[in-house]
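Each remark here refers to the structure printed beneath this line.
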Amino acid sequence: MLLVALLSCAMALVTPPAKNATAVAVPKSLAGSSVKHVAKTNATMMSEMTLGPFEDTVGACKYCFTSHTRSLVVKNCICTAYSGDDGPMMFCTASKPGVAYSSAKDGACRCIEKDMEQMGKTTCVPWE
């Protein structure tokens, strides 16, 4: 009896375990699916936004780069600043005409978030 018990234990160690898992087919992507997702909203996208006045043009640029306006209101925003009647103004635009408008203003400059020429500081350089 002891011999049978030892042999059955030895056989259990040598035999590979049985595989019970079955593979499930998973789609690689949903690109070919016919489902359409449509988001309904009352919001309209804007192509420009002016805010200010700020302490200086660099302050306007810093605000622009961290603003809700740049990330959600004006998609593909190009941050610029200029001297307005009440002080430095931030101008965020997503169009060439907007850049032309901003660059024609007094004291107009384009914002650079991490200007490596200025050790990574946010700067506002005059339009060329």
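The values are calculated or read from the model by the stated rules, or taken from the named source; none is laboratory data. Small disclaimer: the values here were computed from a predicted structure and weren't measured. As a convention, Cβ positions derive from the backbone with ideal geometry for all residues, glycine included, and neighbour counts pool all protein chains shown.
Here is how the numbers come out for the structure above:
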| quantity | calculated |
| --- | --- |
| Residue match in the stretch 96-104 (condition: touching a residue at least 12 places away in the same chain (Cβ under 8 Å) and among the charged types (D, E, K, R)) | no |
| Strands (runs of 3 or more DSSP E) completely within the stretch 1-119 that count 1 or more residues being at pLDDT 85 or above and surrounded by 10 or more Cβ atoms within 10 Å (Cβ to Cβ) | 78-83, 88-93, 109-115 |
| Failed item, numbered, when Thr123 is tested on (1) of a type outside the set (Asp, Glu); (2) buried (at least 20 other Cβ atoms within 10 Å of the Cβ); (3) touching a residue at least 60 places away in the same chain (Cβ under 8 Å) | (2) |
| Sole exception among (1) on the phi < 0 side of the Ramachandran plot; (2) over 25 Å from the mean Cα position of the chain (by Cα) for Gly107, by number | (1) |
